[in-house]
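Colleague: I'd like to ask some things about the structure below.
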Amino acid sequence: GYLALGQVVAPTLLALLGIDQDALSARGTALLHLSLDVGELALTILILYRCLYRFRPRRKLGLFPLRWDGGRWLALVALAACTVPAINWTAQRSGAWAPGDGGEAWSGSLEEHHASGDWAGVAMYVVVVALLAPRWEEAVFRGFLLPSLGALLPAPGAALVSALVFAGAHVRASAFAPLLLLGVVLAFLYQRCRNLLPPIVLHGAWNLYVLSHLYR
């Protein structure tokens with residue numbers, strides 16, 4: 001679905017509307033990214049709902065739980081955030097191992113928005129990376145994949161395999177190692193809390209951190 005939306009549906013719709021994707025302005029590109037992530041979130045929820053709605057016993061336990069729980073998990077998120085320096089160090093080393101592989105397009109768009117004072121474009125990217133992408137990625141990798149693997153593997157094995165799939169799904173060599181570490185931490189959070197909100201918060205915070213460094 002992710003590939004179909006980005007490589008087939010979006011280009012086809014733009015062509016039907018007479019819009020040249022390569023000629024989009026910086027704000028138009030930001031709007032396209034925002035629209036794609038909204039579509040990906042909706043498609044993710046639809047696919048998971050259609051596949052899982054009939055499993056009523058699991059529904060009673062709570063599918064994809066999002067609970068505030070008085071914020072008791074915030075301390076655990078803060079503890080997990082202490083791994084960010086190690087993940088960042090790995091990301092910097094990975095960039096040297098696979099140069100020219102990550103973030104150039106995002107960086108150029110953000111620099112253009114920032115230089116022109118176009119905060120609407122910047123805000124669209126923030127919504128994408130801090131809210132939409134973490135929500136649908138966590139639904140897939142921690143909400144669905146991790147518990148499914150937990151039925152077959154011990155908890156550490158399920159966490160590692162789900163993290164490997166999470167890192168591999170981003171199809172960027174330079175991002176694989178840091179995302180593998182991040183995936184393990186996010187899996188740990190979900191396994192401890194049985195709540196998707198903590199990994200979504202940490203995932204969004206990491207994405208914002210990366211975004212803020214792209215145009216420094």
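Colleague: Just one of Gly121, Gly150, Gly157 is crowded, with 20+ Cβ neighbours inside 10 Å and not charged (D, E, K, R); which is it? Steps first, please.
Modeller: Numbers: Gly150 fails: crowded, with 20+ Cβ neighbours inside 10 Å; Gly157 fails: crowded, with 20+ Cβ neighbours inside 10 Å.
On inspection, the qualifying residue turns out to be Gly121.
Colleague: OK, next. Restricting region 191-205 to residues that are under 12 Å from Gly71 (Cα atoms) and within 14 Å of the chain's Cα centre (by Cα), which is surrounded by the most Cβ atoms within 10 Å (Cβ to Cβ)?
Modeller: Here is the first cut: in region 191-205, the residues under 12 Å from Gly71 (Cα atoms) are 193, 195, 197-198, 201.
If we keep only those that are within 14 Å of the chain's Cα centre (by Cα) as well, we get 197-198, 201.
On the way: Leu197: 20, Pro198: 25, Val201: 19.
Restricting to residues being under 12 Å from Gly71 (Cα atoms) and within 14 Å of the chain's Cα centre (by Cα), the top hit is Pro198.
Colleague: Considering only region 144-151, I want to know if a residue exists there that is small (Gly, Ala, Ser), touching a helix residue (DSSP H, G or I) at 6+ places or on another chain (Cβ under 7 Å) and modelled with pLDDT of 90 or more.
Modeller: To start, the set of residues in region 144-151 that are small (Gly, Ala, Ser) comprises 148, 150-151.
Narrowing the set further to residues that are touching a helix residue (DSSP H, G or I) at 6+ places or on another chain (Cβ under 7 Å) leaves 150.
Now restrict to residues that are modelled with pLDDT of 90 or more: 150.
Yes, region 144-151 contains at least one residue that is small (Gly, Ala, Ser), touching a helix residue (DSSP H, G or I) at 6+ places or on another chain (Cβ under 7 Å) and modelled with pLDDT of 90 or more.
Colleague: OK, next. Kindly list the number of the only condition in (1) at pLDDT below 95; (2) open to solvent by less than 50 Å² (accessible area, probe 1.4 Å); (3) closer than 22 Å to Ile45 by Cα that fails for Ala169.
Modeller: Result: Ala169 fails condition (2) only.
Colleague: OK, next. Having 1 or more residues that are surrounded by 11 or more Cβ atoms within 10 Å (Cβ to Cβ) and not aliphatic (A, V, I, L, M) is the bar; report the helices (runs of 4 or more DSSP H) wholly within region 1-88 that clear it. Working first, answer last.
Modeller: Details: elements: 10-16, 26-52, 56-61, 74-81.
In region 1-88, 10-16, 26-52, 56-61 are the helices (runs of 4 or more DSSP H) which contain 1 or more residues that are surrounded by 11 or more Cβ atoms within 10 Å (Cβ to Cβ) and not aliphatic (A, V, I, L, M).
Colleague: Now, a different point. Name the residues in region 124-141 that are open to solvent by 30 Å² or more (accessible area, probe 1.4 Å) and either among the acidic types (Asp, Glu) or more than 8 Å from the chain's Cα centre (by Cα) (or both), would you? Before the answer, list the steps.
Modeller: Kept after step one, since they are open to solvent by 30 Å² or more (accessible area, probe 1.4 Å), are these residues of region 124-141: 124, 126-127, 131, 135-136, 140.
If the condition is that a residue be open to solvent by 30 Å² or more (accessible area, probe 1.4 Å) and either among the acidic types (Asp, Glu) or more than 8 Å from the chain's Cα centre (by Cα) (or both), then Met124, Val126, Val127, Leu131, Val140 are the ones that fit.
The values are calculated or read from the model by the stated rules, or taken from the named source; none is laboratory data. Only a predicted model underlies this, so the values are computations on that prediction, with no experimental measurement involved. Cβ: placed from backbone, ideal geometry, glycine included. Neighbour counts: every protein chain shown. These area figures cover heavy atoms from the full protein model, side chains too; ligands, DNA and RNA do not enter into them. Shrake-Rupley method; radii C 1.70, N 1.55, O 1.52, S 1.80 Å.
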